[in-house]
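The structure under discussion appears below in the form of C-alpha cells.
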Amino acid sequence: MQIELNGVPAAVPDGARLSDAVALTGRSGDVLMVLDGFQTGEDLPLTPGCRVTVLGRDERPTAETALALLCARNSPGVAEVLQGARVAVAGLGGLGSNVAIELARAGTGCLHLIDFDTVDATNLNRQHYFLQDLGKRKTEALARQIEAITPCCRVLTDPVRVTADNLAALFALDGYVCECFDRAEDKALLVNGVLEQFPETYLVAASGLAGYGSGNAVVTRRVAERFYLCGDGVSAAVPGCGLMAPRAALCASHQAHMILRLILGETAP
Amino acid sequence: MLRINGEESAAVGETLLDYLTAHGYDTNRLAVERNGEIVRKQDYANVRLCDGDEIEIVSFVGGG
C-alpha cells in the first residue's frame, strides 16, 4: 500500500506497521513516530494513505520533514492553508515579538516583520528577545529566532518606521496585518491607514494590555467586517502601570489566534 | 436618534469633529467607523451625524 513517509510517497507491504516505516527511513533506536497527527511509542498498524513522520529523537528535521511534522501535528488541512498565508506584524515589542513567534510555530508560511527599533534592556521584561540581542535590530533578532525554530516560515523584514507616506507600499502584499505598536498615535495611524487603503485586508489591532488586571478582561472583538481589536480597551501603559510579560503575551496570543482563525476562514472573534 | 458605541445619542446634525471635540476625544488616537465604513480623518469636519447612524469610535491607549 501507499503511504506518505516524512512528506514523500512510499510503498509498504500490506499489514505493515510503524516499525516497518521506521526501517524504511534507515533509522533505528530511539525515534519519534507520528501517525496521522498522533505521536506514539506503540508499533501501530499502518493504513493506506496514512501520514507517517519518523525522526531520531535528537535529529534536526529537514525542511521537508519539518513541513510533514507541521501537517501531521496540526489539525488536518490546517498547515497547508497556513503555509499559503502572508501576515504583516507591525511593531515588534511585547505584542509583535510574541505574535510572530506564535504564528511561526503554528506554521504561517510568510511573516513580514516591521519595526525601526533596536533591542534594549527595557524590552526584556516582556518582549521575546535575549540579552545577547541588545543593540540588534528587532527585525533581525526576531528573524534569527524564527530561523532557529522552523524552516517552514519565510521571513521578510522592513526595519523602518511606518508613516502615512510609506504605509501603502509597505502593506500592499499582506493579506493580514497585525497592529502591535506601543504608542496610541502609531496604532491610530496604522489602523486608519490600513482600513482606508486596503479594504480587502484583515486587520487585528490591540489596545489595553498594561498592568496585572484580570486576564479575563482581555478579549477579542470584531469592530467592523475586517477589523478586530484585542485587549481590555482601557489599561494604558503610564507611570504607575507598567507592561508585564503575561498580560502582554496574553493579548498577543489573542491577536495571533484571531489571525490564525481568519486564515482558516473563521471570522467570529 | 443614532447610536454611538452602542449607546443612543441625540447628536443628529453635529459634525463628527464637533462631537469628538465636545466629548474630549484626541483625534490622533482613534479610528471611527460609520455604518461599518472607516471615516477618513480629513472628513471628520464634514461628516454630519445622521438619524439611524451606527458610529463606532475606537480609542487607542498606549502599550505594546
Global size of the protein assembly as shown as Cα Rg and Dmax, reported in angstrom: 23.6, 78
Long-range HN-HN contacts of A:Asp117 with modeled amide H, under 5 Å: A:Lys138
In sequence order, calculated HN-Hα J values of segment A:157-170 (Karplus, 6.51, -1.76, 1.60; Hz; x Gly/Pro): 10, 10, x, 9, 8, 6, 10, 4, 7, 9, 4, 4, 6, 5
Amide hydrogen neighbours beyond the local backbone of A:Leu156, cut-off 5 Å, H modeled: A:Leu111, A:His112, A:Leu113
0 to 90° range, to nearest 10: angle between helix A:184-197 axis and chain A longest Cα axis: 70
Helix axis angle, A:245-263 relative to chain A longest principal axis, alpha carbon, degrees: 70
Proximal aspartates and glutamates relative to A:Lys138, as straight alpha-carbon distance under 15 Å, when same-chain residues fewer than 8 apart are discounted: A:Asp115, A:Asp117, A:Asp120, A:Glu147, A:Asp158, A:Asp182
Normalised contact order of segment A:2-65, rounded percent, pairs of Cα under 8 Å and 6 or more residues apart: 42
Cβ-Cβ FRET estimate between A:Ile149 and A:Ala172, R0 fixed at 25 Å, reported to 0.05: 0.35
Most to least packed among A:31-39, A:234-242 [average Cβ atoms within 10 Å]: A:31-39, A:234-242
FRET efficiency, 1/(1 + (r/R0)^6) with R0 51 Å, evaluated for A:Glu185 and A:Ala23 via beta carbons: 0.25
Distance (nanometres) between label positions extended 7 Å along Cα→Cβ at A:Gln2 and B:Thr21: 7.1
Relative frequency of Cα-Cα separations exceeding 16 Å in segment A:22-68, percent: 36
Fluctuation leader among B:Leu16, B:Leu49, B:Leu30 - chain B, Gaussian network, Cα springs under 10 angstrom: B:Leu30
Low-density loop positions, GluC sites (Glu not before Pro), segment A:1-86 - DSSP coil, at most 13 other Cβ in 10 Å: A:Glu42, A:Glu59
Segment B:2-59, relative contact order [Cα under 8 Å, separation at least 6], %: 53
Rounded tilt (10° steps) of A:63-73 against the dominant C-alpha axis of chain A: 90
Chain A: most fluctuating residue of A:Glu147, A:Glu179, A:Glu196 per GNM, C-alpha cutoff 10 Å: A:Glu196
Computed helical MRE - 222 nm, chain A, DSSP H runs ≥ 4 contributing -39500 (n - 2.57), nearest 500: -9500 deg cm²/dmol
Computed over chain B, Kirkwood Rh from alpha-carbon pairs, angstrom: 11.9
Projected-area mean, segment A:180-223, by convex hull of Cα positions, square nanometres: 3.6
Residue of A:Val81, A:Val12, A:Val177 that the Gaussian network model of chain A assigns the largest fluctuation, springs spanning Cα pairs under 10 Å: A:Val12
Contact order relative to length of segment A:137-229, as percent, for alpha carbon pairs under 8 angstrom and 6 or more apart: 21
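Computed from the coordinates by the stated procedures, all read-outs in this text should not be read as laboratory data. Here the structure is a predicted model, which means the values were calculated and not measured. Please note: Cβ atoms are built from the backbone with ideal geometry, for glycine as well, and neighbour counts cover all protein chains shown.
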